[in-house]
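Here's the structure we're looking at; comments come further down.
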Amino acid sequence: MHLLPRFDYYEPRDVAEACKLLSQFKASAKVIAGGTDILVNMKKGLIAPEYLVGIGKIPGISEIEPVDGGVSIGSNLIIEKLVEFDLIKKKFAMLSKAASVLGSPLVRNRATIGGNIVNARPAADLPPALIAMGARVKLKSRRQEREISLDRFFKGPGVTVIRPGEVLTQIVIDGPPPFTGGDYIKLMHRRSLEIAIVAVASRITLDGPDGIVTDAKIILSSVAPRAVHAVRAEKALIGEKPTEKLFEHAAKIASNECRPIDDIRGSARYRCDMVEVLAKRTLRGAFVEAREQ
């Protein structure tokens, strides 16, 4: 581990000033919020930005606000708030569950939701749950603000659609339809400070407490360059009456829709096997929650 390289630090008063600085410095600048990733990477010598633009004190991007039955989450919100906040725990429980297994309490009280998203790690905890819930992100530059589905935000490991001069300001999640439930499970070697070997987020919507599946999402993480839909497994669920046999069938399909690698945390074969296990468990959990809604 090296000492931090030299850099100039700026602390803009608002998003407009942050965008101006990023446009001015271009590729030489990086945004810093919680700093739990960027400072580590700088110490490791992996990156050496000349300028850091701190957004921690910008007003309006650190709050959770109810919006038309859904929620708007500021990108600078610390992740522990997702675990504590009643609106998230009750209405978006899958996101709260994903946040609760991210890092350690020390990390969760420093890291931000925006940082976990823009780092675009294949094994990041929050994106699978957010994608399953249909989350969108707001990206602001000096000239415009655009909103994009999180499904289309990631291009590959460490690569997103963010343009030079843009700042991620908000994450927007619509309110769930009636009889909708979700679940997230992360497989790891230890209880904290561990990168996922495999993670699965599942969400289903029923047409009634004892009805058929009208919508389904199964998001697989740490088994591809970015979190991916198990598309064929999702289609196998829609229009069907939920049963244990149906969940087993969909989970089996999901295990064939990932292309993981072998690494120190687990073999590709093991990961595929665990996708099947976790998909079945998360679908079961999503079903229980959906019926309770």
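Per-structure values
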{"quantity": "Some residue of segment 123-140 being surrounded by fewer than 24 Cβ atoms within 10 Å (Cβ to Cβ), within 14 Å of the chain's Cα centre (by Cα) and modelled with pLDDT under 95", "calculated": "yes"}
{"quantity": "Segment 178-196, residues that are over 20 Å from R291 (Cβ atoms) and at pLDDT 90 or above", "calculated": "K186, L187"}
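So that you can scan it fast, the table gives a plain yes or no per residue for (1) of a type in the set (F, W, Y); (2) surrounded by fewer than 21 Cβ atoms within 10 Å (Cβ to Cβ); (3) outside the structural domain of L168 (by TED's automatic domain parsing):
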| position | (1), (2), (3) |
| --- | --- |
| D14 | no, yes, yes |
| F25 | yes, yes, yes |
| G34 | no, no, yes |
| I79 | no, no, no |
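Quick grid of which residues meet (1) under 19 Å from P176 (Cα atoms); (2) surrounded by 23 or more Cβ atoms within 10 Å (Cβ to Cβ):
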{"position": "I204", "(1), (2)": "yes, yes"}
{"position": "T214", "(1), (2)": "yes, no"}
{"position": "S222", "(1), (2)": "no, yes"}
{"position": "V228", "(1), (2)": "no, no"}
{"position": "R232", "(1), (2)": "no, no"}
{"position": "E240", "(1), (2)": "no, no"}
{"position": "L246", "(1), (2)": "no, no"}
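The values are calculated or read from the model by the stated rules, or taken from the named source; none is laboratory data. Everything numeric in this text was worked out from a predicted model, so none of it was measured. Backbone-built Cβ (ideal geometry, glycine too); neighbour counts: all protein chains shown.
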